[in-house]
1. Might you check whether a residue that is of a type in the set (A, V, I, L, M, F, W, C) and at pLDDT below 85 occurs anywhere in segment 75-89?
2. Can you go through His93, His51 and tell me which one is surrounded by 10 or more Cβ atoms within 10 Å (Cβ to Cβ), in a helix (DSSP H, G or I) and of a type outside the set (A, V, I, L, M, F, W, C)?
3. Search segment 57-70 for residues that are without any contact (Cβ under 8 Å) to a residue 40 or more places away in the chain and in a loop (DSSP other than H, G, I, E, B) and pair each with any residue that is surrounded by 10 or more Cβ atoms within 10 Å (Cβ to Cβ) and small (Gly, Ala, Ser) when their beta-carbon atoms are under 8 Å apart and the residues are at least 6 apart or on different chains.
4. Give me a count of the residues in segment 135-148 that are exposed (fewer than 10 other Cβ atoms within 10 Å of the Cβ) and of a type outside the set (A, V, I, L, M, F, W, C).
5. Could you pull out the residue among Phe118, Phe144 that is modelled with pLDDT of 90 or more and aromatic (Phe, Trp, Tyr)?
6. So, of the residues in segment 71-90 that are assigned to a helix (DSSP H, G or I) and among the hydrophobic types (A, V, I, L, M, F, W, C), which turns out to be farthest from Arg44 (Cα to Cα)?
7. Residues in segment 106-121: is at least one of a type in the set (A, V, I, L, M, F, W, C), in a helix (DSSP H, G or I) and either surrounded by 10 or more Cβ atoms within 10 Å (Cβ to Cβ) or touching an Asp or Glu at 6+ places or on another chain (Cβ under 8 Å) (or both)?
Amino acid sequence: MVDLHSDGGLGHGAEPTRRPAKPQQPRLTDREVPIQQDLSETTRVLSPAIHAWLDGELPEASVRRGDTAADVEFWRNVNTEAERRRHMRMPLHLEAKIMESLPHSIPALITPWYRREFVITPSAAVTIGATLVTMSAAVTALLFKAIR
């Protein structure tokens with residue numbers, strides 16, 4: 001424990017004073033917490049054979065029997081519908097409507113340049129300052145030369 005008292009922790013008496021110790025709290029660390037899964041009747045788990053068939057490792061005939069037949073039929077319908085939707089085309093009038101609604105010109109500025117926020121970076125400020133000092137020195141030198 002580090003004591004930051006200027007009197008060395010002695011206080012006014014001869015006995016050193018100490019603050020009461022804080023109760024130690026456990027350190028919080030990041031860790032993976034598994035999500036509890038409710039394996040009730042509503043949750044279904046696909047058999048490894050169905051996964052293997054979906055991955056192309058088993059033929060359909062080997063998984064179409066018994067209790068996996070309904071799963072095979074479901075996934076065949078999903079694949080059929082996905083394939084059908086992959087080949088769908090947008091109607092031409094809808095595409096024309098979308099293209100018509102897009103702006104055909106560059107949008108105009110909402111505010112003029114002299115009313116917009118003026119932001120200057122530090123490097124630009126140094127460059128402008130150095131330019132002003134150089135130009136004022138040059139004008140001063142020209143004035144002195146013109147006077148003589």
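The values are calculated or read from the model by the stated rules, or taken from the named source; none is laboratory data. Model, not experiment: these values are computed from the prediction. Positions of Cβ are backbone-derived with ideal geometry, glycine not excepted, and every protein chain shown enters the neighbour counts.
1. Scanning segment 75-89 turns up no residue that is of a type in the set (A, V, I, L, M, F, W, C) and at pLDDT below 85.
2. Going through His93, His51 in turn, just one is surrounded by 10 or more Cβ atoms within 10 Å (Cβ to Cβ), in a helix (DSSP H, G or I) and of a type outside the set (A, V, I, L, M, F, W, C): His51.
3. Leu58/Ala49; Leu58/Ala52
4. Qualifying residue count for the region: 2.
5. Going through Phe118, Phe144 in turn, the sole match is Phe144.
6. Of everything passing the filter in segment 71-90, Ala82 is farthest from Arg44 (Cα to Cα).
7. no
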